[in-house]
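As structure tokens, the structure follows; a few thoughts come after it.
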Amino acid sequence: MDRREVAAVLAYTGRLDPRTIRTGTGDARDQIAQWQELLDDVPFATDQGWDVREVIRAHVLDSPYPILPVDVARRWRAHRRDRLDRHSDPTPGADPDDPAAWRAELLRSRNAVAVGMAAPSTHRQITSGDRPRDVEERLREIGSCIPSAVLAELARYRPTRSARESAVAEGVPDALGVRCDWCHAPVGSQCRQRRASPDEAARGNAVRATPHPSRVDLATARRDRHRAV
């Protein structure tokens with residue numbers, strides 16, 4: 001606030017709490033200088049929920065002591081800190097290969113939020129709005145957000161999933177997409193080799209390289225039903 005705004009604040013404060021009024025010319029000048037020194041970076045009001053008059057009125061109602069400029073400055077710092085805590089930096093539009101421009105845009109965004117010129121961005125950029133049109137077109141072209149070279153490299157570490165993806169791509173029913181009625185393997189898990197001992201107790205629990213035929217039949221039937229629909 002400048003000196004004129006500080007003088008207006010003191011006049012408003014004096015109407016609510018006469019104890020803060022200074023009658024002497026020198027005393028009033030010193031009071032304005034003191035308040036302006038501490039409130040130099042505090043705005044009079046913003047479009048984002050800050051008004052110094054509301055702070056003064058609340059203090060007069062809640063506290064038996066005359067308000068001091070430091071009380072206003074502390075409330076402004078708390079208000080500013082709360083806004084920045086709720087702000088999530090949106091991805092800058094600057095070239096990420098230009099760190100100076102990238103950082104400058106981030107600082108401008110944060111400063112606008114801090115001084116009340118802009119509302120906090122409370123959602124991360126990845127969830128704020130739809131994906132750009134060029135991203136959608138690119139995904140339609142390549143069919144996956146993971147490059148094919150990366151998928152090929154990952155296939156060594158997740159053979160079951162890779163086999164399922166290959167089967168679906170070739171039009172073969174995904175047997176692991178249904179529960180196996182024979183060995184009771186859940187969806188997504190490979191079938192188990194079940195053997196019975198002479199006393200009819202279950203023995204063995206080795207993983208099968210291929211799903212049980214009944215599971216394949218069940219997956220085929222489900223695929224056919226979906227196609228019919």
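The values are calculated or read from the model by the stated rules, or taken from the named source; none is laboratory data. For clarity, every value in this text was computed on a predicted model and none was experimentally measured. We place every Cβ from the backbone using ideal geometry, glycine too, and count neighbours over all the protein chains shown.
Tabulated data
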| item | result |
| --- | --- |
| Every pair of residues 6+ apart whose Cβ atoms lie under 8 Å, when the first sits in segment 151-174 and is in contact (Cβ under 8 Å) with a residue 12 or more places away in the chain and assigned by TED's automatic domain parsing to the domain that holds ARG222 while the second is surrounded by fewer than 12 Cβ atoms within 10 Å (Cβ to Cβ) and among the charged types (D, E, K, R) | none |
| Residues within segment 1-21 that are buried (at least 16 other Cβ atoms within 10 Å of the Cβ) and in a helix (DSSP H, G or I), tallied | 7 |
| Residue match in segment 43-50 (condition: of a type outside the set (Lys, Arg), more than 21 Å from MET117 (Cα to Cα) and touching a helix residue (DSSP H, G or I) at 6+ places or on another chain (Cβ under 9 Å)) | no |
| Residue satisfying condition, being more than 24 Å from the chain's Cα centre (by Cα), closer than 30 Å to GLN48 by Cα and either in the same structural domain as PRO213 (by TED's automatic domain parsing) or modelled with pLDDT of 80 or more (or both), within set TRP102, TRP76 | TRP76 |
| Candidates THR13, THR23 - the one that is in the same structural domain as ALA78 (by TED's automatic domain parsing) and under 42 Å from the mean Cα position of the chain (by Cα) | THR13 |
| Unique residue being within 25 Å of GLN31 (Cα to Cα), out of contact with any His (no Cβ under 9 Å at 6 or more places or on another chain), of a type in the set (D, E, K, R) and surrounded by fewer than 13 Cβ atoms within 10 Å (Cβ to Cβ) when the list is ASP82, ASP97, ASP51 | ASP51 |
| Qualifying helices (runs of 4 or more DSSP H) (wholly inside segment 22-128; at least 1 residues being without any contact (Cβ under 8 Å) to a residue 24 or more places away in the chain, of a type in the set (Ser, Thr, Tyr) and within 22 Å of ARG4 (Cα to Cα)) | 25-38 |
